[in-house]
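K.L.:
Take this structure first; my questions come after.
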Amino acid sequence: MQIDFNKKYNPSEFEDVIYNMWLSNNCFKANVKTSKMPYTIAMPPPNVTGKLHMGHALDETLQDIIIRFKKMQGFETLWVPGVDHAAIATEAKLVEQLRVEGLTKEEVGKEEFLKRAFKWKDEYEGNIVNQLRKLGVSCDWSRKRFTMDEGCKEAVLEYFIRLYKDGLIYRGERLINWCYTCKTSISDIEVDFKEKDGCFYYIKYKLEGSQDFLQVATTRPETLFGDVAVAVHPEDERYRSYIGKFLVVPILNRKIPIIADSYVDRDFGSGVVKITPGHDFNDFEVGLRHNLKPIKLFDEDGNLNEFCGKFKGMPRAKARKEVANELENVGLLIKSVPIKHNVGHCYRCGAVVEPFLSLQWFVKMEALKEPALEAAKAGQVEFVPKRFEKIYFNWMENVKDWCISRQLWWGHGIPAYYCSNCGHINVAKSMPSCCEKCSCKELTKDEDTLDTWFSAALWPFAILGWPNENNEYYKKFYPTTTLVTGYDIIFFWVSRMIFSGLYNTKNVPFKKVFIHGLVRDEQGRKMSKSLGNGVDPLDIIKRYGADALRFTLASGVNAGNDMRYSEKKVLASRNFANKLYNAARFIFMQVNEFDGNFSPDFSKILLLNKEKLYIEDRWILYKLNELIKEVSRNIECFDISVAADKLYDFIWNVFCDWYIELFKIKKVNNFIAKNYLCGADEDRYFNAENGCFNSEYVKMRAQQSFNIIFYALDVVLKILHPFMPFITQEIYFKLYGSNRFILNYGWPAPNDEFNFEAEYRLFEGVIKIVKAVRNFRAQNNIQNKLNLNIYLTSDVFNSGFINSCRHFIEKLGGCHILGSSLDGDVSGCKRVITDVAVIDVVLDNVVNKDEEIKKLQNQKQYLLGEIKIFRQKLSNTNFKNKAPKAVVEAAVRKLESKEAELKTVEASLKSLL
RNA sequence: GAGAGCAUAGCUCAGCUGGUUAGAGUGCUUGCUCGACAUGCAAGAGGUCGCUGGUUCGAGUCCAGCUGUUCUCACCA
């Protein structure tokens with residue numbers, strides 16, 4: 001074993017090197033032929049629109065933790081990476097790129113446009129892959145996929161055609177949400193509603209052949225050209241006599257009927273609603289009920305058309321003002337009132353989205369949603385945390401038909417071929433030779449593409465070879481085990497994978513959905529480009545290392561809640577890594593000094609049989625067992641941050657702060673604690689002449705001690721590995737050489753032999769004494785250099801035990817134990833009372849009696865408070881009868897110990913007074 | 001309008017199925033360079049757990065209401 005540790009932890013020196021070693025040794029490659037239990041994760045494919053942000057870093061870190069954990073547990077893990085073509089988002093970027101060059105997509109043509117698109121995709125995919133690798137993700141790169149690759153294309157065609165044959169896809173002219181900027185339809189959930197300032201226009205609609213009028217209010221006066229009726233509530237007394245009569249549309253003077261429909265809210269506005277089925281979802285429904293045909297007023301760019309009289313050709317925003325002006329000029333505008341109302345915006349480009357009448361493809365949701373609801377209710381798909389299930393149910397129960405066609409070029413084509421002769425729609429994987437109905441050979445392909453989410457919905461099985469159900473990966477690794485994603489994507493993606501998976505594969509696409517929140521900035525704001533508060537994970541990795549970033553994200557994530565990112569947290573994680581790094585460095589230095597050829601052998605921990613283990617070794621072995629159990633359980637339940645916190649606490653506050661310090665003392669004592677009571681069988685190693693153990697025995701003890709400290713380090717490295725894969729691997733290499741990959745060396749199991757709970761408790765008492773002495777020193781401003789002389793008395797520990805631990809107490813507390821208070825003169829001492837021992841400190845300066853009394857009185861007050869609480873508890877028969885036995889027993893123990901402590905305090909007080 | 005989350009130390013957050021007069025990180029105060037680590041060590045101060053009721057032997061934890069805050073869904077013309 002050699003020491004080539006730098007003093008400082010410098011992750012950039014080894015992270016890339018290690019990742020490449022993992023790759024060249026195929027550490028992440030799944031074996032499809034194995035008999036091991038599969039554990040599969042389909043990576044949510046990042047969009048090829050840009051680089052990864054903190055949200056991705058969180059998502060990938062969580063998946064990597066789970067995959068590495070499961071792999072170490074012995075599962076055959078498969079984590080499939082990939083990227084999403086992100087139709088609308090990427091197309092928007094490409095169009096913008098063209099605009100900068102002074103071009104439009106129509107000018108360059110579809111072929112050239114797609115060429116650019118694929119080039120774009122290659123470039124961004126490369127960036128994303130590079131970023132993922134920097135993060136340390138252990139996905140199987142040989143299975144990397146793209147949502148528009150051949151396999152996904154095949155899956156999309158299969159799905160579309162199956163749905164079509166089952167009558168679950170239809171094409172029809174409906175009102176859809178139209179983005180005039182992206183120039184495409186978008187689905188309901190792609191519309192974001194934001195509160196905006198608007199204006200409510202009150203308009204006179206005159207009765208036919210009369211000066212009488214009804215007052216109609218609207219926020220969009222430019223749509224009055226599309227009015228086909230005016231509606232009132234059937235039971236509204238004010239307007240009952242008007243029903244069936246006719247009004248004239250202002251400006252156009254077109255005649256429209258007054259109809260009755262219970263959709264109208266009598267109490268809102270004037271209780272009179274203009275019905276414009278071509279431009280409003282509710283009006284469209286009213287139109288259907290009353291057999292009123294919609295009128296479409298705008299073209300695809302949002303300019304008014306021939307139905308709008310002299311306003312033809314005007315953009316709709318401008319038309320709104322112009323129409324209002326015109327109404328005012330002709331005396332038909334009663335008033336305009338500013339209001340705040342919710343306006344739909346495109347979730348991609350942010351432009352105002354309005355209902356638009358057009359011919360589109362839809363998926364009928366009625367039949368698909370039932371199995372999807374059932375699967376979740378039956379627990380086949382389990383949401384973690386569970387509350388997201390409610391959100392899913394609520395959405396799924398109210399889902400409307402899904403508009404899947406997009407007027408974009410970048411995406412999966414719609415496999416529909418229209419016959420120019422009979423108009424029949426031929427749906428097939430490729431262009432049929434002729435129309436299946438009339439055999440006409442003139443067919444034209446549908447020019448639209450599919451919603452990105454239509455292909456994304458197939459991701460978990462398309463990546464495993466579906467629709468080829470004989471694919472060995474599909475057979476071995478489907479259904480996937482866990483999906484890890486943010487709550488913002490439940491409707492878009494999770495729900496659609498569930499119903500699509502059930503429909504296509506007759507199986508759920510994943511058994512568990514682990515939902516996490518968003519990564520926000522330090523002030524709790526969403527990270528966004530416009531705010532400029534985004535943090536680049538790569539930049540952080542460069543400065544602090546991937547492990548530090550990963551650990552920060554892992555310890556911040558909690559049960560579906562958002563987390564706040566701050567660089568301070570990364571700094572703390574980096575310091576943690578440094579701490580571990582230096583602990584390992586220290587251990588190597590020690591072992592090298594001892595025996596450069598030493599190699600740990602954990603089977604020899606009980607080398608000198610169990611009874612000869614030192615107390616601190618039993619203490620750490622017990623704590624290690626507990627740590628393994630708890631961390632395993634926490635990761636299993638996706639309590640990632642809880643596991644991370646425990647690891648942090650153990651490594652820093654237990655292993656480094658105590659065990660390593662204890663080890664140093666042990667080493668100084670040449671691995672034989674001088675005061676340690678040895679059994680009779682050790683006598684043979686003892687040389688009475690020089691009062692030492694012989695070298696053979698000392699060496700055995702040393703080996704045992706090294707085995708234990710290496711065992712502790714080994715366990716800690718393994719269970720920390722999923723969180724901080726690089727540093728743990730780096731230390732593991734140094735420990736065992738450069739061909740041992742920690743990932744392949746199994747998740748540690750608790751050792752039943754290390755059942756040292758009693759010793760653990762005893763040693764916690766020793767720690768308490770050390771802390772009390774240190775505290776005394778600090779409180780009394782005593783220099784560290786000065787060794788304190790103390791008397792130590794304990795009812796809890798017998799003198800033999802105290803004696804066996806005195807070297808720890810003396811070294812760590814910076815004191816010298818003169819003996820027990822019972823046999824020393826403690827009259828001039830300052831006394832510290834703990835629940836395990838009484839410490840009398842000999843001081844040269846005169847004890848300030850008043851101060852001492854005050855201190856003891858404070859302690860007395862505190863103890864009285866505690867005792868009162870427990871006495872009350874225990875005198876309550878209900879408590880004794882109803883509380884669990886263990887709780888009652890604990891209370892009894894606590895009361896006893898506090899009462900004993902009080903007694904000592906009172907006695908001390910008495911002697912002072 | 002409907003629903004959900006959150007409210008605990010100055011800040012960021014833990015606290016699992018109710019059970020030791022509330023914990024961590026960070027910040028703050030004090031003292032430390034004794035060879036793993038100043039990216040460090042030791043000690044300390046800091047909280048009537050948003051408010052009001054209720055259930056219980058016992059509530060930060062469960063229930064109800066209220067206040068504040070964030071989010072999701074629906075959208076009324």
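K.L.:
List the residues, sorted by chain then number, that are 5 or more residues from A:Lys512 or on another chain and whose placed amide H is less than 5 Å from its amide H.
P.N.:
Under 5 Å from the amide H of A:Lys512: A:Glu382, A:Thr482, A:Leu483.
K.L.:
For the stretch A:349-468, give the magnitude of the charge dipole about the Cα centre (Cβ charges: +1 Lys/Arg, -1 Asp/Glu; no others), in debye to the nearest 20.
P.N.:
180 debye
K.L.:
Given H placed 1.01 Å from N in the peptide plane, which residues other than close sequence neighbours of A:Val427 have an amide H under 5 Å from its amide H?
P.N.:
A:Tyr417
K.L.:
Straight-line reach from A:Lys206: which lysines fall under 19 Å, measuring Cα to Cα and dropping same-chain residues less than 8 apart?
P.N.:
A:Lys245, A:Lys255, A:Lys274, A:Lys335
K.L.:
Give the peptides A:486-494, A:718-726, A:193-201, A:902-910 in descending order of average Cβ contacts within 10 Å, highest first.
P.N.:
Sorting A:486-494, A:718-726, A:193-201, A:902-910 by mean packing, highest first, produces A:718-726, A:486-494, A:902-910, A:193-201.
K.L.:
Okay, moving on. Treat every Asp and Glu Cβ in chain A as -1 and every Lys and Arg Cβ as +1, leave all other atoms uncharged, and give the resulting dipole magnitude about the Cα centre to the nearest 20 debye.
P.N.:
780 debye
K.L.:
Distance between Cα centroids, the stretch A:282-317 to the stretch A:344-376: provide it in whole Å.
P.N.:
Answer, in whole Å: 22.
K.L.:
Going through the cross-link list A:Lys646/A:Lys880; A:Lys105/A:Lys441; A:Lys51/A:Lys318; A:Lys134/A:Lys529, which pairs have a Cα-Cα distance over 27 Å in this structure?
P.N.:
Among A:Lys646/A:Lys880; A:Lys105/A:Lys441; A:Lys51/A:Lys318; A:Lys134/A:Lys529, the Cα-Cα distance tops 27 Å for A:Lys646/A:Lys880; A:Lys105/A:Lys441; A:Lys51/A:Lys318.
K.L.:
Applying the Karplus parametrisation 6.51 cos²θ - 1.76 cosθ + 1.60 with θ = phi - 60° to the phi angles of the stretch A:194-203, what ³J(HN,Hα) value in whole Hz is obtained for each residue in order, glycine and proline being reported as x?
P.N.:
Per residue, the Karplus-derived 3J(HN,Hα) values read 10, 6, 10, 6, x, 9, 9, 9, 9, 10 Hz.
K.L.:
Go through A:Gly828, A:Phe808, A:Val838 and say which Cα lies farthest out towards the positive end of the charge dipole of the stretch A:806-855; charges sit on Cβ, +1 for Lys and Arg, -1 for Asp and Glu.
P.N.:
The residue sitting most towards the positive pole is A:Phe808.
K.L.:
Give me A:Ile498, A:Ile243, A:Ile540, A:Ile66 sorted ascending by neighbouring Cβ count inside 10 Å, so fewest comes first.
P.N.:
A:Ile243, A:Ile540, A:Ile66, A:Ile498
K.L.:
For A:Asn739 and A:Tyr862 in one chain, what is 0.36 nm times their gap in residues minus the Cα-Cα distance, to one decimal in nm?
P.N.:
38.5 nm
K.L.:
Next up: Where nothing but the Cβ of Lys and Arg (+1) and of Asp and Glu (-1) is charged, how large is the charge dipole of the stretch A:477-620 around its Cα centre, in debye to the nearest 20?
P.N.:
The calculated dipole for the stretch A:477-620 is roughly 540 debye.
K.L.:
Along the Cα→Cβ direction, 7 angstrom out, place labels at A:Ile339 and A:Lys441. What is the inter-label distance in nm?
P.N.:
6.0 nm
K.L.:
Going by average Cβ density within 10 Å per residue, which order do the peptides A:119-125, A:775-781 take, highest to lowest?
P.N.:
Details: A:119-125: 15.7, A:775-781: 12.9.
The packing order, highest mean first, is A:119-125, A:775-781.
K.L.:
Sort out for me the Cα centre separation of the stretch A:486-525 from the stretch A:773-788, rounded to whole Å.
P.N.:
Here the answer is 57 Å between Cα centres.
K.L.:
Grab the DSSP H runs of chain A that are 4 residues or longer, score each as -39,500 (n - 2.57), total them, divide by all residues and round the 222 nm result to the nearest 500 deg cm²/dmol.
P.N.:
-14000 deg cm²/dmol
K.L.:
Then there's this: Tell me, what is the FRET efficiency for A:Ile665 and A:Ala572 to the nearest 0.05, using R0 = 35 angstrom and their Cβ-Cβ distance as r?
P.N.:
0.75
K.L.:
Fewest first, what order do A:Leu458, A:Leu359 take by the number of other Cβ atoms within 10 Å?
P.N.:
Arranged by neighbour count, lowest to highest, A:Leu458, A:Leu359 become A:Leu359, A:Leu458.
K.L.:
Report relative contact order for the stretch A:1-133 in percent, whole number only (criteria: Cα-Cα under 8 Å, sequence separation at least 6).
P.N.:
Values: 102 pairs, mean separation 40.2, N = 133.
Relative CO of the stretch A:1-133 lands at 30 percent.
K.L.:
Here's something else I'd like to know. From the square roots a ≥ b ≥ c of the eigenvalues of the alpha-carbon gyration tensor of the stretch A:178-324, which class results: rounded (a/c under 1.5), prolate (a/b over b/c), or oblate?
P.N.:
prolate
K.L.:
Additional query: Under 8 Å for C-alpha pairs, at least 6 residues apart: give me the relative contact order for chain A, rounded to a whole percent.
P.N.:
13 percent
K.L.:
Can I ask one more? Along the charge dipole of the stretch A:139-236, pointing to its positive end and built from +1/-1 on Cβ of Lys, Arg, Asp and Glu, which listed residue (A:Cys182, A:Gln211, A:Gly226) has its Cα farthest out?
P.N.:
Value computed over the given set: A:Cys182.
K.L.:
Now for a separate question. Using amide H atoms built 1.01 Å from N in the peptide plane, name the residues 5+ places from A:Val83, or on other chains, whose amide H lies under 5 Å from its own.
P.N.:
Hits under the 5 Å cutoff: A:Arg145, A:Phe146, A:Thr147.
K.L.:
Ok, one more. Among A:434-441, A:616-623, A:547-554, what's the highest-first ranking by average C-beta atoms within 10 angstrom per residue? Write down the numbers at each step before the final one.
P.N.:
Working: A:434-441: 14.2, A:616-623: 23.6, A:547-554: 28.1.
Ranking, from highest mean packing down: A:547-554, A:616-623, A:434-441.
K.L.:
Taking a cut-off of 24 Å between Cα atoms, list the lysines near A:Lys830, but don't count ones fewer than 8 places away on the same chain.
P.N.:
Counting by Cα, and skipping residues close in sequence, A:Lys830 has these lysines nearby: A:Lys768, A:Lys771, A:Lys785, A:Lys811, A:Lys849, A:Lys854, A:Lys855, A:Lys860, A:Lys898, A:Lys903, A:Lys910.
K.L.:
State the antiparallel share, in %, of DSSP beta bridges confined to chain A, rounding to the nearest 5.
P.N.:
Beta bridges within chain A, antiparallel portion: roughly 75 percent.
K.L.:
Then there is this: Kindly state, to the nearest 0.05, the FRET efficiency for A:Lys255 paired with A:Thr219, given R0 = 22 Å and r defined as their beta-carbon distance.
P.N.:
0.35
K.L.:
Treat the count of other C-beta atoms within 10 Å as a stand-in for reagent exposure and order A:Ser555, A:Ser794 from fewest to most. Can you show the working numbers first?
P.N.:
Details: A:Ser555 22, A:Ser794 18.
Fewest to most other Cβ atoms nearby, the residues stand as A:Ser794, A:Ser555.
All of the numbers you see were taken from the coordinates with simple rules; none came from a lab. Fair warning: this is a prediction, and the values are worked out from it, not measured in the lab. Positions of Cβ are generated from backbone atoms using ideal geometry, with glycine treated the same way; all protein chains shown enter the neighbour counts.
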